[in-house]
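Chemist: I have a structure here, written as structure tokens, and I will follow up with some questions on it.
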Protein chains: 2
Amino acid sequence: MNFQKRKQKIFEELDSRGEVDIKKLAAELGIAEITARRDLNQLAADGLLYRTHGGAVKVNPQERPHAFVNKTAQNAEVKDAICRVAAAQIQEGDIIFMDCGSTVFRLCQFIKNKRIKVITNSLPVIYELQDSAVSLNIIGGELDDARQAMHGIIANEHIARYRATKAFLGVDGISLNGLFANSEKEAGITTAFAGNSAYTYLLCDAGKIGRETYLNFGGLDIVDAIITNAGAEVMQDYEERGVKVLRAV
Amino acid sequence: MNFQKRKQKIFEELDSRGEVDIKKLAAELGIAEITARRDLNQLAADGLLYRTHGGAVKVNPQERPHAFVNKTAQNAEVKDAICRVAAAQIQEGDIIFMDCGSTVFRLCQFIKNKRIKVITNSLPVIYELQDSAVSLNIIGGELDDARQAMHGIIANEHIARYRATKAFLGVDGISLNGLFANSEKEAGITTAFAGNSAYTYLLCDAGKIGRETYLNFGGLDIVDAIITNAGAEVMQDYEERGVKVLRAV
DNA sequence: TTGATATTGATTATATTTGAACAAATTACA
DNA sequence: TGTAATTTGTTCAAATATAATCAATATCAA
């Protein structure tokens, strides 16, 4: 019964009953109360639940209707798994770049309760994080209708004014030859985000790994870590190149 | 039955009945009256309810600044009349500044089909004009949650990079002594917009005319024209100062 | 295997929550 | 206005939860 398993159980309990009790939890899972407490504390630190005396309750996800965000994402489960890992990397006080990829967008749900600053050029991200604990900064510039995000010279300049502790970015493809994008605009934004953050995470599902498409806009050295569901043997080459690999189950 | 659970119950009760009674609360939740009292005191300290003798009532549901989602704006007819006049001033090819006032927001519906560029710091405006004929440019910077708009140093700098043919702006008040705003941030944005557009329209209903409030941030010379429903005789003074007045019926 | 690291549990000290009793303040009502 | 009833704040004690420290166990890389 490891942490992942227990975490799952905790959320099952929370979803069905709305609250968990340390004593009961410890008894049901066959663990010590101190362990149950530590689990809940950690999950509370990640903003995934609220701690109470003797247990925890679930956060109320003050749901708002966002008509224009296309929620029917493909591969939602894989992307969510990747985003859970990503969210665990985020600490209170972080300043975070988020770009306009569909994977990165799904990170929103996991960071709503964190006290952090998010700087983004993505309208869906903005609408998703409005009225959350997150403090928002919007990259200005021309709106690209198709991507629902700001791009262009002014956007790049704007990014250059900020320094983030962490960047969470998507790409259209990545291989040992570097990063690939479907447009120069996207490449420019990604480069700007990565260049102005202390640590850069790339979020990409297995389908993106090894994929070379249209524009090769930078080497692997731009990236500090890749969060992916791809197999360990596939990722070994990247690790040998000095890129940290975080595997999402 | 911990504090969080009780808190939930208290708000359920408040929402349905509008008030709670300490005795009943203690009986229903199976807690001592002193505990119920302490709960209510704490929630009152957080401003989540008002304490009364023997219980509590709910706080006035203060208007959420989600005015754009809640489209039932006050004075909608007057504002729409003003905006129709404003929209008539806009030609194809114009580059337009729009700020985050509630009157200016209502201009959106009248310009959706025009082939123009709109530069704005207002999220509601962006939301409303997405997927229209209008080409959008978003002013970046820190998001002010209450106003749902970008403000601050970076926003002002960003505005300074652009030149518009026309600006459509709101204020909190205007008198012969100049323009008035409720915050420095707002004043800064308005000044920046006006300073970088060839022609500046002020949209204000009769209630704003002659109103002096908080911060006087500029003289009448900032403005080229006022669009208003105020009476002709009231507006004569402004015309004599060289401001063009467009009257909305 | 070994050593290093992370996880888990036991023990003890500290902090929080809750309720009871009683004095002070407020309200209700004649 | 004055008196009784009620509500409130304060202090204290008991029960319970939590944090801190240290030891035991598991995991992992070399």
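Chemist: Could you identify the single residue in B:155, B:146, B:133 that is more than 16 Å from the chain's Cα centre (by Cα), more than 7 Å from every other protein chain (Cβ to nearest Cβ) and part of a loop (DSSP other than H, G, I, E, B)?
Modeler: Step by step, each of B:155, B:146, B:133 is checked, and only B:133 is more than 16 Å from the chain's Cα centre (by Cα), more than 7 Å from every other protein chain (Cβ to nearest Cβ) and part of a loop (DSSP other than H, G, I, E, B).
Chemist: Please go through region A:213-240 and pick out each residue that is within 18 Å of residue A:180 (Cβ to Cβ) and over 23 Å from the mean Cα position of the chain (by Cα).
Modeler: A:213, A:214, A:215, A:216, A:237
Chemist: For residue B:209, state whether it is closer than 25 Å to residue B:148 by Cβ and touching a helix residue (DSSP H, G or I) at 6+ places or on another chain (Cβ under 8 Å).
Modeler: no
Chemist: Within region B:158-171, take every residue that is closer than 30 Å to residue B:206 by Cβ and surrounded by 21 or more Cβ atoms within 10 Å (Cβ to Cβ) and give me the one that is farthest from the other protein chains (Cβ to nearest Cβ).
Modeler: Per the criteria, the residue is B:171.
Chemist: Pairs needed: first member in region B:25-44, more than 17 Å from residue B:11 (Cβ to Cβ); second member anywhere, in a helix (DSSP H, G or I) and more than 11 Å from DNA strand C (Cβ to nearest atom); C-beta distance under 7 Å; at least 6 residues apart or different chains.
Modeler: Matching pairs, first to second residue: B:33/B:22; B:33/B:23.
Chemist: Give the residues of region B:107-130 that are more than 11 Å from chain A (Cβ to nearest Cβ) and either in contact with a Ser or Thr (Cβ under 6 Å, 6 or more places away or on another chain) or among the β-branched types (Val, Ile, Thr) (or both), sorted by residue number.
Modeler: Across region B:107-130, the qualifying residues are B:111, B:112, B:116, B:125.
Chemist: If residue B:38 satisfies every condition in (1) within 13 Å of DNA strand C (Cβ to nearest atom); (2) in a helix (DSSP H, G or I); (3) away from chain A (no Cβ under 14 Å) but one, which is the exception?
Modeler: Residue B:38 satisfies all of (1) within 13 Å of DNA strand C (Cβ to nearest atom); (2) in a helix (DSSP H, G or I); (3) away from chain A (no Cβ under 14 Å) except (3).
Chemist: Related question: Can you find a residue that is over 19 Å from residue A:89 (Cβ atoms), surrounded by fewer than 19 Cβ atoms within 10 Å (Cβ to Cβ) and aliphatic (A, V, I, L, M) anywhere in region A:174-192?
Modeler: Yes; the residues of region A:174-192 include at least one that is over 19 Å from residue A:89 (Cβ atoms), surrounded by fewer than 19 Cβ atoms within 10 Å (Cβ to Cβ) and aliphatic (A, V, I, L, M).
Chemist: Of the residues that sit in region A:1-23 and are within 14 Å of chain B (Cβ to nearest Cβ) and not in a helix (DSSP H, G or I), which one is nearest to DNA strand D (Cβ to nearest atom)?
Modeler: Ranking the qualifying residues of region A:1-23, first place goes to A:21.
Chemist: Here are A:154, A:209: which of them is more than 24 Å from residue B:137 (Cβ to Cβ), without any contact (Cβ under 8 Å) to a residue 40 or more places away in the chain, of a type in the set (A, V, I, L, M) and touching a Phe, Trp or Tyr at 6+ places or on another chain (Cβ under 9 Å)?
Modeler: Every option except A:209 fails the conditions.
Chemist: Only one residue in B:173, B:207 is touching a Lys or Arg at 6+ places or on another chain (Cβ under 6 Å) and within 21 Å of residue B:76 (Cβ to Cβ), so which one is that?
Modeler: Only one candidate qualifies: B:173.
Chemist: Would you pick out the residues in region A:193-214 that are polar (S, T, N, Q) and loosely packed, with under 15 Cβ neighbours inside 10 Å?
Modeler: A:213, the sole residue that qualifies.
Chemist: Quick test for you: out of B:20, B:57, pick the one residue that is of a type outside the set (D, E, K, R), in contact (Cβ under 8 Å) with a residue 24 or more places away in the chain, surrounded by 17 or more Cβ atoms within 10 Å (Cβ to Cβ) and farther than 19 Å from residue A:53 by Cβ.
Modeler: Being of a type outside the set (D, E, K, R), in contact (Cβ under 8 Å) with a residue 24 or more places away in the chain, surrounded by 17 or more Cβ atoms within 10 Å (Cβ to Cβ) and farther than 19 Å from residue A:53 by Cβ holds for just one of B:20, B:57, which is B:20.
Chemist: From the list A:86, A:73, exactly one residue is more than 11 Å from chain B (Cβ to nearest Cβ) and at pLDDT below 85. Which is it?
Modeler: Only one candidate qualifies: A:73.
Chemist: Looking only at region B:24-38, filter to residues that are under 14 Å from residue B:51 (Cα atoms) and of a type in the set (Lys, Arg); which one of those is farthest from DNA strand D (Cβ to nearest atom)?
Modeler: Result: B:38.
Chemist: Assuming residue B:217 fulfils every condition listed in (1) in contact with a Gly (Cβ under 8 Å, 6 or more places away or on another chain); (2) surrounded by 20 or more Cβ atoms within 10 Å (Cβ to Cβ) apart from one, which condition is it?
Modeler: The single condition residue B:217 does not satisfy is (2).
Chemist: Still on this model: Which of the strands (runs of 3 or more DSSP E) contained wholly in region B:181-249 include at least 1 residues that are of a type in the set (Lys, Arg)?
Modeler: It comes to B:244-247.
Chemist: Residue check: is residue B:12 over 28 Å from the mean Cα position of the chain (by Cα) and modelled with pLDDT under 85?
Modeler: For residue B:12, the condition - over 28 Å from the mean Cα position of the chain (by Cα) and modelled with pLDDT under 85 - is met.
The values are calculated or read from the model by the stated rules, or taken from the named source; none is laboratory data. Quick caveat, the model's predicted, so the values are computed rather than measured. Because the Cβ atoms are built from the backbone with ideal geometry, glycine has one as well, and the counts that use them run over all protein chains shown.
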